[in-house]
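Worksheet for the structure shown next.
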Amino acid sequence: MTTVLLIDDNPKYLNDALPYYGYDVHSATDGVQALKVLANKKFDIILLDVMMPNMNGWDTLKEIRKNIETRDVPVIMITAVNEDHKMVAGLKNGADDYIIKPFVLPNLLARMEAVLRRSRRSIDLPFTSDTPIQTLTSREKEVLEMAAKGANNKEIAEKLVLSEVTIKSHMNSIFKKLKVTNRTQAVLLAIQMNLIKN
């Protein structure tokens, strides 16, 4: 099971949601507490909020990267600050990716899996982008882009003025073409291969 350290002063949503997707989640409410947790336990990935009391996310990231025990752990920054220069600074300081609040859960899950794949810390992911895949139709790309934003079949059907059965058929076709078994994998793979806009 992939272990996640969630560093956020308001962790309830992700604390509750991520275990449903197979993640073992531990949380810390600020950077100071997080560094103490990291001293005693190893994690596969860290989700790090930027705005926190006592020690903010950027300072926490610097400390994580200074420590030989934690410097290689993938870190995704979670920020409400939509300022390019700050995000670039975060990436230069060693963040692997960032996501802006408010975000949809499938997008975060896809980014987590992508970062884990790049770090080679994710074991036995049930899909691969190395094998040739069939081309998605423009409609399938449209459906997948909406799924990436968190829309369910009903919402996609209403937006595209189609039946839910048709959307389900499109999703099944997407899974088959991409050789995946669920939406998160499909979204991740499509983003990695630039099949859809992220």
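Filter the stretch 23-46 down to residues that are in contact (Cβ under 8 Å) with a residue 40 or more places away in the chain and among the β-branched types (Val, Ile, Thr) and give me whichever is farthest from ILE7 (Cα to Cα). Among those residues, the one meeting the criterion is ILE45. Restricted to the stretch 73-87, and to residues that are farther than 19 Å from PRO11 by Cβ and open to solvent by 20 Å² or more (accessible area, probe 1.4 Å), which residue is modelled with the highest pLDDT? So the residue we want is ASN82. In the set (1) under 28 Å from PRO106 (Cβ atoms); (2) in contact with a Leu (Cβ under 9 Å, 6 or more places away or on another chain); (3) at pLDDT below 95, the condition left unmet by TYR20 is number (2).
If you go through the stretch 154-185, how many residues are at pLDDT 90 or above, outside any loop (DSSP other than H, G, I, E, B) and not hydrophobic (A, V, I, L, M, F, W, C)?
11
Within the stretch 42-72, restricting attention to residues that are in contact with a Gly (Cβ under 9 Å, 6 or more places away or on another chain) and within 23 Å of GLY22 (Cβ to Cβ), the residue that is surrounded by the most Cβ atoms within 10 Å (Cβ to Cβ) is LEU48.
Taken over the stretch 55-77, residues that are farther than 16 Å from ASP30 by Cβ and polar (S, T, N, Q) amount to 2. Scan the stretch 136-159 and report the pairs whose first residue is open to solvent by less than 10 Å² (accessible area, probe 1.4 Å) and whose second residue is among the charged types (D, E, K, R), with Cβ atoms within less than 7 Å and a gap of 6+ or a chain change. Here the result reads ALA147/ARG183; ALA157/GLU164, each pair linking the stretch 136-159 to a residue that is among the charged types (D, E, K, R). Taking every residue in the stretch 1-22 that is assigned to a loop (DSSP other than H, G, I, E, B) and pairing it with any residue that is at pLDDT 90 or above and among the aromatic types (Phe, Trp, Tyr), at least 6 positions away or on another chain, the pairs with Cβ-Cβ distances below 9 Å are MET1/TYR23. Of the residues making up the stretch 17-32, just one is under 12 Å from ASN56 (Cα atoms), touching a Ser or Thr at 6+ places or on another chain (Cβ under 9 Å) and open to solvent by 50 Å² or more (accessible area, probe 1.4 Å), namely VAL32.
Only residues that are at pLDDT 85 or above and in contact with an Asp or Glu (Cβ under 9 Å, 6 or more places away or on another chain): list them for the stretch 98-113, please. ARG111, MET112 - these are the residues of the stretch 98-113 that are at pLDDT 85 or above and in contact with an Asp or Glu (Cβ under 9 Å, 6 or more places away or on another chain). Within the stretch 167-198, restricting attention to residues that are under 17 Å from the mean Cα position of the chain (by Cα) and charged (D, E, K, R), which residue is surrounded by the fewest Cβ atoms within 10 Å (Cβ to Cβ)? Applying the filter and picking the extreme gives LYS197.
The values are calculated or read from the model by the stated rules, or taken from the named source; none is laboratory data. Keep in mind it's a predicted model, so treat the numbers as computed, not measured. Quick reminder, even Gly has a Cβ in these numbers, built from the backbone with ideal geometry, and neighbours come from all protein chains shown. Side chains are part of the model used for accessible areas, which takes the heavy atoms of the whole protein and leaves out ligands, DNA and RNA. Shrake-Rupley method; radii C 1.70, N 1.55, O 1.52, S 1.80 Å.
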